[in-house]
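Note sheet for the following structure.
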Amino acid sequence: MAILKTKIREFRKELNMKQDELAKLVKVRRETIVHLENEKYNPSLKLAMDIAKVFGKSVEEIFKFIEDDS
């Protein structure tokens, strides 16, 4: 099974951006950002693209699927 890894927290901290600020920019609740950062939630394609746009990155730079060998 593949696990989605994310660099949202890393890119957000580089911009000194709070979770609620990112949430407002991409029109989701702060809890959604928390779940994304904790890798408990897989975003829709639209949300992934919106987050990438905020950071000026590609979706692939922010999100990556890793195969879980367990």
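Distance between the C-alpha centres of segment 44-62 and segment 3-31: 11 Å, rounded to the whole angstrom. Enumerate the residues in segment 1-20 having an amide nitrogen under 18 Å from the point lying 7 Å beyond the Cα of His35 toward its Cβ. Hits in segment 1-20 for His35 at 18 Å: 3-9, 19-20.
When the trypsin sites (Lys or Arg not before Pro) in segment 1-41 are filtered for DSSP coil states and for at most 13 other beta-carbon atoms within 10 Å of their beta-carbon, the remaining sites are Lys18, Lys27, Arg29, Lys40. Net charge of the neighbourhood of Glu21, taken over other residues with C-beta under 15 Å away and scored Lys/Arg +1, Asp/Glu -1, is +4.
What you get for segment 2-67, charging only the Cβ of Lys and Arg (+1) and of Asp and Glu (-1), is a dipole of about 200 debye around the Cα centre. Once the Cβ-Cβ distance between Lys24 and Ala2 is put in as r, and R0 is 25 Å, what FRET efficiency do you end up with, to the nearest 0.05? Rounded to the nearest 0.05, the efficiency is 0.25. Counting Lys and Arg as +1 and Asp and Glu as -1, what is the net charge of the other residues whose Cβ lies under 13 Å from the Cβ of Leu4? So the environment of Leu4 carries a net charge of -1. The string of couplings for segment 48-56 from the Karplus curve (6.51, -1.76, 1.60, θ = phi - 60°) is 4, 5, 5, 5, 4, 5, 4, 8, x Hz, one whole number per residue in order, with x for Gly and Pro.
Rule-based calculations on the coordinates, nothing more; no lab input. On a predicted model such as this, the values are computed, not experimentally measured, just so you know. Every residue, glycine as well, gets a Cβ built from its backbone with ideal geometry; the counts of neighbours run over all protein chains shown.
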